[in-house]
Amino acid sequence: MNQEHLLEVRNLTTAFRIQGNLFPAVRGIDLHLDRNETLALVGESGCGKSITALSIMRLIPQPPGEIVSGEVFMKGIDLLTLPEERMRKIRGNKMAMIFQEPMTSLNPVLTVGFQIMEALIYHQDVTNVKAKELAIEIMNQVKIPSASRRFKDYPHQFSGGQRQRVMIAMALACRPEIILADEPTTALDVTIQAQILYLLAELKREYSMAMIFITHNLGIVASIADRVAVMYGGEIVEVAPVGDLFEKPRHPYTEMLLRAVPRVDLNIEKLSYIPGQVPSIDRMPPGCHYAPRCDLRMELCDRQDADLVPLPGEPAHRVRCWIRGDSREIQDKP
Amino acid sequence: MIKFVLNRFLLSIPTLLAILTIVFLIARVIPGDPASVILGDSASQEALENLRHRLGLDQSLIQQYIQFITGVFRGNLGDSLVSGTSVMREVLNVLPYTIDLTIAGVLIGIVFGVPLGILTALYRNSFLDFIARILSLIGLSFPAFYSAILLIIVFSLQLGWFPVISSGNLLDPVQRLHHLILPACNLGLIMVAYVTRATRSSMLDVLREDYMRTAKAKGIPGMVILFRHALRNALIPIITVIGLYIGVLVGNSVLTEIVFNRPGLGKLIIGALNQRDYTMLQGLMVVYSIIIVITNLITDLTYGFSDPRVKYS
Ligand SMILES: Nc1ncnc2c1ncn2[C@@H]1O[C@H](COP(=O)(O)OP(=O)(O)OP(=O)(O)O)[C@@H](O)[C@H]1O
Ligand SMILES: [Mg+2]
């Protein structure tokens with residue numbers, strides 16, 4: 001490690017057992033996150049975004065899931081080798097997660113206030129009274145109206161948008177250094193989506209947190225991220241600073257994704273969609289995962305997967321493609 | 001909250017009325033004259049008239065109905081045809097035994113069934129789960145009178161730990177408990193089986209819920225997640241199941257009381273059947289109906305207190 005990142009994931013592979021065989025859902029994930037940075041993780045449904053985040057938090061359901069290999073360093077400590085009890089003290093404290101489904105992710109029989117307080121009780125040396133005070137304070141910060149009165153209400157008494165605010169309050173209660181937001185706005189309607197995004201960006205700045213923001217909406221990415229990692233079929237296929245990715249995408253899949261974003265300045269005929277779909281984890285092609293859907297594919301693509309390598313002269317922009325990235329290795333291959 | 005309790009309480013009154021009406025009608029609709037059934041074919045016309053008058057059968061149906069309902073609400077269930085004593089008094093004499101037995105059976109079911117259900121859910125498809133599933137299947141398919149006989153043979157006759165005839169003096173708590181244990185275990189076995197199954201499946205559902213992952217992501221200790229986040233939710237359907245099976249339990253308690261020769265409603269009902277004690281039977285049907293309605297009310301209230309979504313909607 002030449003320079004220590006806040007979070008660094010190396011060669012992470014997480015697999016699921018399906019009818020006795022292990023199939024990787026994410027494979028060879030390399031990524032890093034620095035202080036105050038927002039990394040967007042984008043890709044179609046089923047490409048492994050959630051599994052990546054859950055693996056970092058060590059929340060993969062086991063069985064059927066299993067982290068097969070890799071390292072997840074947080075400030076130099078490999079989380080994957082920590083004893084469960086030490087990992088527990090990191091979860092919700094130093095690193096917190098916001099989930100996709102605000103309707104089902106809150107416990108229906110516990111009051112909202114208590115659910116926010118809970119993380120404080122178990123991670124910080126505070127009395128119940130103080131924890132309650134702090135919980136109400138954070139409820140105010142996520143702009144839940146009349147927080148102290150709503151403290152005693154149950155999740156079913158809140159709307160979808162408010163529940164997502166509660167989820168955010170819960171995740172931020174202990175002021176974590178890293179926040180993993182897994183499509184926090186997907187389940188909400190558009191006007192509320194914008195409010196929640198704005199709130200998240202604001203709090204992130206205020207608390208100076210680093211964030212991995214998972215989405216399949218590239219429109220959101222442009223406004224919130226510093227860097228973007230594009231995933232396909234369980235692998236990262238391209239990583240770049242957000243400007244570079246939008247201006248000069250290299251991977252054919254990224255190009256396709258960008259062309260599929262609806263834009264006001266283009267009419268609907270110009271909008272393209274990506275034919276086919278992400279292969280399921282037990283039907284991954286042996287070579288490049290995107291090859292079956294790729295216009296540029298060559299014979300090598302079907303045989304062997306490329307590595308994620310930096311572009312010449314652009315160390316921050318890395319691509320996993322025989323044609324657009326890994327060209328130096330093509331020469332070596334017969 | 002008071003409104004909720006009052007509401008449920010008032011709602012159970014029409015239910016009770018409906019059941020009482022059915023009990024009343026059953027006794028009148030059954031073909032044949034109760035008086036001649038009771039006295040036999042050789043009874044004189046005068047004796048029949050007398051009995052009909054005593055039973056109030058010479059009055060109009062409406063009059064009989066009004067008398068019956070007002071009697072029930074005043075706590076008067078008529079007099080036994082055989083002994084002439086008040087049915088209510090006979091019931092009250094043995095009711096503590098049946099209540100002891102039923103409550104003990106339910107408690108045994110909960111105390112053993114819930115932890116067993118949790119364990120088998122946590123370690124599903126393990127050896128423990130397998131054994132527990134087979135045992136609960138046996139428990140469910142085992143007739144109550146048969147298990148009662150086995151228990152008596154082993155624990156009363158061979159080991160001599162418990163009395164063969166479990167009556168027990170109500171005023172002596174130690175003796176009362178000592179006499180209760182064996183019949184309660186007999187009743188409880190089935191309840192353990194039901195509660196284990198219900199807990200297991202309910203826990204398995206809850207463990208799959210998104211909010212369980214949220215709780216884990218918050219870094220709460222595992223035991224707290226299990227009891228506060230999982231069990232609190234899993235209990236809601238378990239309460240319903242327990243409430244439902246208390247009805248089954250009351251039925252099984254009849255058999256248990258007979259095999260253990262223990263005083264109780266069950267023995268009273270068999271006696272009444274054998275002696276064609278018509279008023280006693282009708283009175284007991286009323287008592288059983290009231291027990292079931294009260295059980296349902298308690299289940300409903302418990303349910304409401306454990307699920308905030310019920311209370312407030
Ligand atoms: N419990 C599981 N058992 C088997 N396969 C699983 C399991 N959970 C996830 N997978 C598979 O892993 C792959 C990645 O899933 P993941 O949830 O990470 O997708 P995602 O990118 O988050 O998609 P979405 O946008 O729909 O949330 C999918 O193909 C999925 O089918
Ligand atoms: Mg997902």
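Every number here is computed from the coordinates shown, using simple stated rules; none is lab data. In this text, all values refer to a predicted model and were calculated from it rather than measured experimentally. Ideal geometry is used to build each Cβ from the backbone, glycine not excepted, and the neighbour counts take in all protein chains shown.
Taking Cα pairs under 8 Å and at least six residues apart, what relative contact order does segment A:105-175 come out at, in percent?
Once divided by the residue count of segment A:105-175, the mean separation gives 47 percent.
Could you state the principal axis extents of the C-alpha atoms in segment B:182-313, from the largest down, to the nearest angstrom?
So the three principal-axis extents are 67, 35, 17 Å.
For chain B, give the magnitude of the charge dipole about the Cα centre (Cβ charges: +1 Lys/Arg, -1 Asp/Glu; no others), in debye to the nearest 20. Walk me through the numbers before you get to the answer.
Working: 23 positive and 17 negative charges, 296 e Å.
Its charge dipole is roughly 1420 debye.
Computed over the Cα atoms, what is the radius of gyration of segment A:105-175 divided by 2.2 N^0.38 Å, N being its residue count?
Details: Rg = 10.8 Å, N = 71, 2.2 N^0.38 = 11.1 Å.
Dividing the Cα radius of gyration by 2.2 N^0.38 Å gives 0.97.
Any idea what the relative contact order of chain A is, in percent, if you count C-alpha pairs under 8 Å spaced at least 6 apart?
After rounding, I find 19 percent.
Nearest 0.05, what FRET efficiency do B:Asn76 and B:Ile298 give at R0 = 22 Å with Cβ-Cβ as r?
Working: r = 25 Å, r/R0 = 1.15.
Result of the calculation: an efficiency of 0.30.
Apply the Debye scattering formula to the protein assembly as shown, with a single equal point scatterer on each alpha-carbon and no solvent, then give log10 I(q)/I(0) at q = 0.08, 0.10, 0.12 Å⁻¹.
-0.76, -0.97, -1.21
Taking one equal scatterer on every alpha-carbon of segment B:2-73, how large is log10 of I(q)/I(0) by Debye at q = 0.13, 0.15 1/Å?
For the requested q values the scattering log ratios are -0.52, -0.62.
Take the alpha-carbon centre of segment A:203-218, take the same for segment B:98-146, and report the distance between them in whole Å.
49 Å
Pick out, in residue order, every one of the trypsin sites (Lys or Arg not before Pro) in segment B:176-230 that is DSSP loop and has at most 13 other C-beta atoms within 10 Å; say none if there are none. Show your work: numbers first, answer last.
Details: sites: B:Arg176, B:Arg197, B:Arg200, B:Arg208, B:Arg213, B:Lys216, B:Lys218, B:Arg228; in loops: B:Arg208, B:Lys218.
Those that pass, being in a loop and sparsely packed, are B:Arg208.
As a check on your grasp of the helix formula, calculate [θ] at 222 nm for chain B: sum -39500 (n - 2.57) over DSSP H runs of n ≥ 4, divide by the residue count, round to the nearest 500. Present the calculation step by step, with values, prior to reporting the outcome.
Working: 13 runs with 232 residues, N = 313.
So the calculated ellipticity at 222 nm is -25000 deg cm²/dmol.
Assign one of three labels to segment B:1-127, namely rounded, prolate or oblate, based on the Cα gyration tensor with a ≥ b ≥ c the square roots of its eigenvalues; rounded applies when a/c is under 1.5, prolate when it is not and a/b is larger than b/c, and oblate otherwise. Please report the intermediate quantities before stating the final value.
Details: a/c = 2.81, a/b = 2.06, b/c = 1.37.
Judged from the Cα gyration tensor, segment B:1-127 comes out prolate (a/c at least 1.5, a/b above b/c).
Starting from the Kirkwood Rh over alpha-carbon pairs, what translational D in µm² s⁻¹ does chain B have by Stokes-Einstein at 20 °C and 1.002 mPa s?
Details: Rh = 22.3 Å.
So the translational diffusion coefficient is about 96 µm²/s.
Full-extension gain between B:Phe145 and B:Arg309, please, as 0.36 nm times their residue separation minus the C-alpha to C-alpha distance.
Numbers: separation 164, 0.36 × 164 = 59.04 nm, distance 4.12 nm.
Result for the pair: 54.9 nm of gain on full extension.
Label segment A:82-204 by shape, choosing from rounded, prolate and oblate, from the square roots a ≥ b ≥ c of the eigenvalues of the Cα gyration tensor; if a/c is under 1.5 it is rounded, and otherwise prolate applies when a/b is larger than b/c, oblate when it is not.
Numbers: a/c = 1.64, a/b = 1.21, b/c = 1.35.
The shape class here is oblate.
Give me the distance in nm between label points sitting 7 Å out from Cα along the Cα-to-Cβ direction at A:Met298 and B:Leu273, one decimal.
8.9 nm
Could you state the number of Å between the C-alpha centres of segment A:42-83 and segment A:130-178?
If we compute the Cα centre of each part, the gap is 27 Å.
Can you list the chymotrypsin sites (Phe, Trp or Tyr not before Pro) in segment A:41-139 that are in a DSSP coil and have 16 or fewer other beta carbons within 10 angstrom?
Details: sites: A:Phe73, A:Phe99, A:Phe114, A:Tyr122; in loops: A:Phe99.
Nothing satisfies the criteria.
Translational diffusion coefficient of chain A at 37 °C, 0.692 mPa s, Stokes-Einstein with Kirkwood Rh over Cα pairs, in µm²/s as a whole number. Kindly include the intermediate steps, with their values, before the conclusion.
On the way: Rh = 21.1 Å.
Calculated translational D: 156 µm²/s.
From other protein chains only, count the Cβ atoms within 10 Å of every residue's Cβ in A:101-109, then give the mean.
Numbers: counts 3, 1, 1, 5, 8, 4, 12, 8, 11.
Average per residue, whole number: 6.
If one computes P(r) from the Cα atoms of segment B:96-275, what percent of pairs lie at distances over 29 Å?
Values: 5064 of 16110 pairs.
Here the tail beyond 29 Å accounts for 31 percent of pairs.
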